[in-house]
Amino acid sequence: MDEPDLEPDLELDCRGTRCPLPVIRLAQGITEVPVGGVVAVVADDPAARPDIPAWCRMRGQEYVGERLGEDDVPVYLVRRLRE
């Protein structure tokens, strides 16, 4: 499941935002990538760790995994599976 070297099609910088804003930005941003494309959500809000995978399950998208960015902020990877 974890693809640490995966290059995202879109990166959303959600540093400094709190729940539910990272998930709202993901919901808006995922429409900007094609099916099969990947969105990276950079978020320092601890609630993003459970919220983003839960959003993926509810919306039928693939939670690819999590990695640390260069600044040690978590980066959550989501693959668009459907329109």
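The values are calculated or read from the model by the stated rules, or taken from the named source; none is laboratory data. Quantities reported herein were computed from a predicted structural model and do not represent experimental measurements. Counting neighbours? That spans all protein chains shown, and the Cβs are built from the backbone with ideal geometry, glycine included. Surface accessibility is based on the protein's heavy atoms, side chains included, excluding ligands, DNA and RNA. Shrake-Rupley method; radii C 1.70, N 1.55, O 1.52, S 1.80 Å.
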Can you name the residue in the stretch 7-42 that is in contact with a helix residue (DSSP H, G or I) (Cβ under 9 Å, 6 or more places away or on another chain) and in a helix (DSSP H, G or I) and is also surrounded by the most Cβ atoms within 10 Å (Cβ to Cβ) among such residues? L26
Looking at G60, G65, G37 in this structure, which one is in contact (Cβ under 8 Å) with a residue 40 or more places away in the chain and in contact with a Lys or Arg (Cβ under 9 Å, 6 or more places away or on another chain)? G37
So, E70, is that one open to solvent by 70 Å² or more (accessible area, probe 1.4 Å), free of Cβ contacts under 8 Å to residues at least 40 places away in the same chain and not β-branched (V, I, T) or not? yes
Cβ pairs under 6 Å, 6+ apart, first in the stretch 44-57 and over 17 Å from V73 (Cβ atoms), second assigned to a helix (DSSP H, G or I) and modelled with pLDDT of 95 or more: W55/V23
